[in-house]
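Here's the structure we're looking at; comments come further down.
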């Protein structure tokens, strides 16, 4: 009996392998493109809440750990933009964990009031309308999701449609009239779309007592009771939150 063997032609599988390789390549390109399409920017100094998730300083952050740059929502805050309670996630359900707000949930960066620099790292440089910075008010509740009414504007940079560099630095004067845990919100309004990017920064403000006192200097002081060794004073300033030293002939 004569046995015959059919030799396999290794080149017959080439079209299949080529097609498979092309499919795999296209899939990889699609993933990379999708990531780049959603990659825009975050505040890297002081580290934002989302960037600290990326750096594993904040934990149990969900998807934002991989996308700290993707907090994109409607622009025009505070008149428009994310709803109250969803501001720190830019209104994105995927990143809703960022809306969790307690006095202890997020790592805090120690910061002094006065001149500070806020640095953005951009992955896509969009034409820009403006950049704005807000901070929580003195009487805010750190155990409730942040609302518009909790925030006040303290710094603005207008770009007028210019395209920024990939590294953006803004020098702002952080209020010196409050201390302890506060949240700073940075917004980046894109010029040629309806969107903006939102970044929350958790800070521990260490303003000095003298700075706090100077922020509420009393006015229209009047003596209402006098005695040989004492005098009682009254002031129309209703925002006094500290004590004042009164000097007479250089003596307290």
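Would you mind stating whether residue 117 is closer than 14 Å to residue 168 by Cα and either free of Cβ contacts under 8 Å to residues at least 40 places away in the same chain or surrounded by fewer than 16 Cβ atoms within 10 Å (Cβ to Cβ) (or both)?
yes
Pick out the one residue from 105, 49 that is in contact with a strand residue (DSSP E or B) (Cβ under 6 Å, 6 or more places away or on another chain) and under 20 Å from residue 140 (Cα atoms).
49
With the requirement that a residue be in a loop (DSSP other than H, G, I, E, B) and touching a strand residue (DSSP E or B) at 6+ places or on another chain (Cβ under 7 Å), what does region 128-160 give you?
137, 142, 146, 159
Select, from 184, 201, the only residue that is under 25 Å from residue 57 (Cβ atoms), in contact with a helix residue (DSSP H, G or I) (Cβ under 9 Å, 6 or more places away or on another chain) and part of a strand (DSSP E or B).
201
For region 56-79, how many residues meet the condition of being closer than 20 Å to residue 135 by Cβ and part of a loop (DSSP other than H, G, I, E, B)?
7
Here, each number is a calculation from the coordinates, and none is a lab measurement. As the structure is a prediction and not an experimental result, all values here were calculated from the model. Quick reminder, even Gly has a Cβ in these numbers, built from the backbone with ideal geometry, and neighbours come from all protein chains shown.
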